[in-house]
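What follows is one structure encoded as structure tokens, with my remarks underneath.
The values are calculated or read from the model by the stated rules, or taken from the named source; none is laboratory data. Please read these numbers as outputs of a predicted model, since none were measured by experiment. Glycine gets a Cβ as well: all are built from the backbone with ideal geometry, and neighbour counts include every protein chain shown. All accessible areas refer to the heavy atoms of the entire protein, side chains included, with ligands and DNA or RNA removed. Shrake-Rupley method; radii C 1.70, N 1.55, O 1.52, S 1.80 Å.
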Amino acid sequence: LYIMTKEIKLTQGYTTIVDDDLYPILNKFKWQVKKDKNTCYATRWISKFEQVPFKGRHVTMHKYIFFLKGKWDKLQDKEIDHKDSYGLNNQYNNLRIATKNQNQHNTRVQINNQLKISEKQKIILSV
């Protein structure tokens, strides 16, 4: 099964990959890139008028996708993991529910503060 994807532009020249069916909804918002030591994530601010179950004033795209797909209640004390460890690949088939321990085992390794990135990810990051 091949899912068609689209890119959404983020701040600082980054893009994120999403499924076609979610693109019209996700592209309505201004998404920023949030960098951490292992990857980057797409995030956005939440309006005080939005009826969403998120704590805080911002949400990551992968959490928002689970909310849109009606899977938010299944998370409970779990996290959302990017199967390929690339936080800007927000295709639904790349996301899964995981415990914190499982999610940490899927983290890419840093060597001498240099992030090891696959060739595919290098191509995506360079666009």
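Computed values, structure above
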{"quantity": "Where a residue in segment 20-32 is over 15 Å from residue 67 (Cα atoms) and its partner, wherever it lies, is open to solvent by 50 Å² or more (accessible area, probe 1.4 Å), with Cβ under 7 Å and at least six apart", "calculated": "20/4; 20/5; 20/6"}
{"quantity": "Hits in segment 70-94 - residues which are part of a loop (DSSP other than H, G, I, E, B), at pLDDT below 90 and in contact with a Phe, Trp or Tyr (Cβ under 7 Å, 6 or more places away or on another chain)", "calculated": "75"}
